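Step one of this worksheet: look at the structure below.
Since every read-out is calculated from the coordinates, none of them should be taken as a lab result. Here the structure is a predicted model, which means the values were calculated and not measured. Every residue, glycine as well, gets a Cβ built from its backbone with ideal geometry; the counts of neighbours run over all protein chains shown.
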Amino acid sequence: MSWLQKLQSRWNVKSINQVMVILLVFASTGFTVLFIKRPLLNYLFGDSAMSTSASIVYYILILPIYNMLLLFYGLLLGQFHFFWTFEKRFFSRLFSLFSTKNK
């Protein structure tokens with residue numbers, strides 16, 4: 001069984017082509033986040049050197065930005081349902097992690 005077939009089975013999608021489109025969405029989202037990092041930090045902190053606080057702010061801001069971009073690219077490439085389900089599962093796990101630590 002190839003790695004694409006394993007992903008197809010794990011993600012419960014119908015075809016290898018759908019797996020390829022999903023991987024393209026993840027790649028596009030990652031590259032977009034990479035390209036917006038410097039302009040975003042320059043806008044927020046000016047042209048000064050990237051400090052530790054700038055990095056912390058970036059990592060806090062990038063989570064919602066990444067997830068919105070993931071849904072946007074998923075919509076553009078016809079995989080919105082997959083990514084909407086993916087996001088719901090991700091955030092339910094994230095919030096359950098925080099709720100169990102507070103108890």
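So the values come out like this:
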{"quantity": "Helical contribution to [θ] at 222 nm, DSSP H n ≥ 4, -39,500 (n - 2.57), averaged over the chain, rounded to 500", "calculated": "-29500 deg cm²/dmol"}
{"quantity": "Separation between Cα centres of region 80-100 and region 22-76, rounded to whole Å", "calculated": "19 Å"}
{"quantity": "Extension gain, residue 99 back to residue 7 (0.36 nm per residue minus Cα-Cα distance, nm)", "calculated": "30.1 nm"}
{"quantity": "Anisotropy class of region 57-103 from Cα gyration tensor, a/c 1.5 cut", "calculated": "oblate"}
{"quantity": "Length added when fully stretched, residue 61-residue 92, from 0.36 nm per residue minus Cα-Cα", "calculated": "9.3 nm"}
{"quantity": "R0 of 30 Å, Cβ-Cβ distance residue 34-residue 85: FRET efficiency to nearest 0.05", "calculated": "0.75"}
{"quantity": "Label assignment, Cα Rg over 2.2 N^0.38 Å derived from the structure, set [x] 3.05; [y] 1.13; [z] 1.31", "calculated": "[z]"}
